[in-house]
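Colleague: Okay, here's the structure, questions in a sec.
The values are calculated or read from the model by the stated rules, or taken from the named source; none is laboratory data. Because the structure is predicted, anything quoted here is derived from the model rather than measured. All Cβ positions, glycine included, derive from the backbone under ideal geometry; neighbour counts span all protein chains shown.
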Amino acid sequence: MRELLLICIMVLCYASAKACDICGCGVGSYYLGILPDFNKRFIGLRYQYNTMQTHLGPEGRHTPLTADETYQIVELWGAYNFGDRVRVMAFLPFNFNQRRVNAMEESGEKSGLGDIAAMAYYRIFEGGNTTTKFKLFNHSLWAGAGVKVPSGEYDNSERASVSADSPNNFQLGTGSTDFTFNVTYDARLMDMGFNLNLLYKFNTENQYEYRYGNKFTCNALFYYKILIDQKLRIAPNIGIRYEKAEQDVSYRRFYINQSGGNLTSAIAGLELNIGRYALGVNYQLPVDQHLADKRVHAGNRLMTHLSVSF
């Protein structure tokens with residue numbers, strides 16, 4: 001099983017070398033993190049807050065066209081387990097996009113339904129044993145695939161043109177049907193655990209002959225579960241998230257310079273479980289980034305969720 005896990009990781013990491021829409025915008029990637037504890041199914045709400053600056057000058061300098069952009073997502077999400085080996089997850093986002101060009105005192109906003117997505121996982125293995133020091137060790141590996149449908153509005157007037165060479169972030173959806181490939185590994189020694197999520201997103205061309213670049217996302221988290229009075233479980237966690245993106249392509253041959261790149265963020269979070277209810281929050285701080293030839297700068301991110309299992 002160790003060899004199988006290593007092969008999965010190597011395949012996806014190799015794919016990432018050829019891997020997006022600019023990291024963190026309204027048509028960006030899916031962050032999973034540590035799922036709520038549930039046996040059969042859960043449903044909940046997530047809130048994401050992302051910021052970025054676009055239209056920066058060479059080496060990231062501000063210009064009169066530099067814009068501050070904010071992307072907020074309120075998302076209905078859930079999962080259902082079919083037996084012991086199959087898990088299906090679904091995401092229904094509602095996006096709120098805001099943009100302000102400070103030097104020109106211009107602003108704009110969009111809100112509406114985003115792109116609906118679903119993922120299916122298959123449990124490759126799950127097992128545990130007792131170490132020589134009589135500590136319980138458990139781990140599991142899930143792999144699967146998903147699809148994202150173009151339910152969010154795509155405004156072609158916002159598209160990146162070859163002449164303007166501007167990023168095409170300010171959208172509610174991509175206008176395309178896209179596919180994801182996912183691997184999730186979780187290992188726990190007593191109350192201390194490690195969670196790894198790998199996701200590769202393959203984007204197709206929309207009806208306006210625009211294709212967002214493919215994207216690879218990897219997040220690794222260490223967590224520790226603390227049980228209080230047999231009722232409240234607290235799991236603080238820290239980790240790192242890495243995203244790598246390919247440039248967007250217009251008319252099948254023109255690459256958009258202000259797109260793609262890579263971003264590494266530090267993550268700190270907290271998960272709470274009280275019976276059937278779960279509450280979580282995490283904060284992501286960029287520590288290294290090279291987006292759109294340094295013409296885009298990603299800001300901090302915040303995510304919270306509230307869910308119930310049943």
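Colleague: For Tyr212, only one of the following conditions fails: (1) surrounded by fewer than 19 Cβ atoms within 10 Å (Cβ to Cβ); (2) among the aromatic types (Phe, Trp, Tyr); (3) at pLDDT below 95. What is its number?
Modeller: Failing condition for Tyr212: (1).
Colleague: Checking Gly78 against (1) closer than 25 Å to Glu153 by Cβ; (2) within 15 Å of the chain's Cα centre (by Cα), which single condition isn't satisfied?
Modeller: (2)
Colleague: Still on this structure: Out of all the residues in the stretch 269-286, which are under 28 Å from Phe310 (Cα atoms), under 15 Å from the mean Cα position of the chain (by Cα) and aliphatic (A, V, I, L, M)?
Modeller: Val281
Colleague: Considering only the stretch 273-286, I want to know if a residue exists there that is among the basic types (Lys, Arg) and over 24 Å from Thr174 (Cα atoms).
Modeller: Kept after step one, since they are among the basic types (Lys, Arg), are these residues of the stretch 273-286: 276.
With over 24 Å from Thr174 (Cα atoms) added as a condition, the list becomes 276.
Taking every residue of the stretch 273-286 in turn, at least one turns out to be among the basic types (Lys, Arg) and over 24 Å from Thr174 (Cα atoms).
Colleague: Something else: Among the residues of the stretch 251-269, which ones are over 18 Å from Ile34 (Cα atoms), among the hydroxyl-bearing types (Ser, Thr, Tyr) and modelled with pLDDT of 90 or more? Write out each step before concluding.
Modeller: Filtering the stretch 251-269 down to residues over 18 Å from Ile34 (Cα atoms) leaves 251-264.
If we keep only those that are among the hydroxyl-bearing types (Ser, Thr, Tyr) as well, we get 251, 255, 259, 264.
Listed by number, the list holds a single entry, Thr264.
Colleague: State which residue is surrounded by the fewest Cβ atoms within 10 Å (Cβ to Cβ) when the search covers only the stretch 279-308 and only residues that are out of contact with any Gly (no Cβ under 7 Å at 6 or more places or on another chain) and outside any strand (DSSP E or B).
Modeller: Per the criteria, the residue is Asp293.
Colleague: With the checklist (1) on the phi < 0 side of the Ramachandran plot; (2) out of contact with any strand residue (DSSP E or B) (no Cβ under 8 Å at 6 or more places or on another chain); (3) modelled with pLDDT of 90 or more in hand, flag the one item Gly83 doesn't pass.
Modeller: Checking Gly83 against (1) on the phi < 0 side of the Ramachandran plot; (2) out of contact with any strand residue (DSSP E or B) (no Cβ under 8 Å at 6 or more places or on another chain); (3) modelled with pLDDT of 90 or more, the one that fails is (1).
Colleague: A follow-up question, please. Only residues that are under 26 Å from Val88 (Cβ atoms), at pLDDT 80 or above and β-branched (Val, Ile, Thr): list them for the stretch 19-63, please.
Modeller: Correct list: Ile34, Ile43.
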